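See structure below.
Computed from the coordinates by the stated procedures, all read-outs in this text should not be read as laboratory data. Remember, predicted model here, so these are calculated numbers, not experimental data. Cβ atoms come from the backbone with ideal geometry, glycine included; neighbour counts cover every protein chain shown.
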Amino acid sequence: MIGTIARKEFADAVRSRMLWAIVAIIAVMTSLAAGVSVLVPDVESDPAMALGGASQFAGLLVPIMALIGAALAIAGQREAGSLKVLLGLPPSRGQVLLGTFLGRSGVVAIGIALGFAVSGVVTAALHGGLPIGAFLGTVALTVVLGIAFVGIAIGVSAIATTRSRAMTLAVAAYLGLTLLWDLVPVLIHLAVRGTMPGQVVPPWLLLIEGLSPTGAYNALTQTLLLGSEVAVEARIDVAVPAYLHPGVFVAILVCWTVLPLAIGAHQFERADLS
């Protein structure tokens, strides 16, 4: 039953052209980012640098696309009344939620993979080669980021009673977790140390930066592209603590996927849909 719902959600997204919009946006923007080092004079052309630029763009684009693509999945059906019809059939509320999450995650994952495939060809053409391992790792991490934000979006959609509330919560999640999160470690450093962060910062500040899904993604892509601990060692003046291990940031992404789903499922089970 979960598989049936997931396939339906995937098919609905393809018919609405959501998949192709994700592919086009990711392909265009990451290709432009990969080509910056070639287009700008006196900038060293390097495939790894191009992947880094593409991942930075993806860190901003993927969350909003995942949120928009999934935030109305449950709330839209609830407002339209079709959710009551669906729940009158064998699927339970939990099965509907999980199937919707899997279907929308599949759309986002395939869209990201196809978009990066295009930008990979562009990067190879512009730079004369492509580090396959780093490229595949970047794609995999970006897919994980997208799925994390699908989890957030489905959790939001399960809680919201209307489409407008779901979209408002989705926009708030994007602003708080992607655009405004960078202010959090700065303000905490200012409160603790009394100064703005410099080039060298305490290691706990890097952990706070990585507590958002986008922050964890950026930490992992830097580790992937620059080598283990190199990115961290360049910013702190002490030994790298265990809590800055890449596995910690992977766990953060998993938590951002699972916890919003669990909270949404809890509220969805208790909601009055009449």
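Report the gain in length on full extension from GLU269 to LEU183: 0.36 nm times residue separation, minus Cα-Cα distance, nm rounded to one decimal.
Details: separation 86, 0.36 × 86 = 30.96 nm, distance 3.54 nm.
Value of the extension gain: 27.4 nm.
Any chance you could get the radius of gyration and Dmax over the Cα atoms of the chain, in Å?
So, for the chain, Rg and Dmax equal 20.0, 64 Å respectively.
Going by average Cβ neighbours within 10 Å, how do the peptides 242-251, 90-99, 208-217, 26-35 rank, with the highest at the top? The partial results should precede the final answer.
On the way: 242-251: 15.1, 90-99: 17.3, 208-217: 23.8, 26-35: 21.4.
Result, highest mean first: 208-217, 26-35, 90-99, 242-251.
Full-extension gain between ALA21 and ALA234, please, as 0.36 nm times their residue separation minus the C-alpha to C-alpha distance.
Numbers: separation 213, 0.36 × 213 = 76.68 nm, distance 3.77 nm.
Fully extending the segment from ALA21 to ALA234 adds 72.9 nm.
How large is the Kirkwood hydrodynamic radius of region 109-216, counting all unique pairs of alpha carbons, in Å? Show your work: numbers first, answer last.
Values: mean 1/r = 0.0601 Å⁻¹.
The answer is 16.6 Å.
Could you tell me the center-to-center distance, by alpha carbons, between region 190-221 and region 95-151 in angstrom?
26
So which helices of the chain fit the span-like rule, where a helix is a whole DSSP H run, its Cα atoms reach 18 Å or more along the axis, and its mean Kyte-Doolittle is at least 1.0?
Numbers: long enough: 2-15 (20 Å, 0.03); 18-39 (31 Å, 2.31); 47-70 (33 Å, 1.53); 93-127 (50 Å, 1.32); 132-159 (41 Å, 2.33); 213-226 (19 Å, 0.46); 246-270 (37 Å, 1.22).
Once both thresholds are applied, what remains is 18-39, 47-70, 93-127, 132-159, 246-270.
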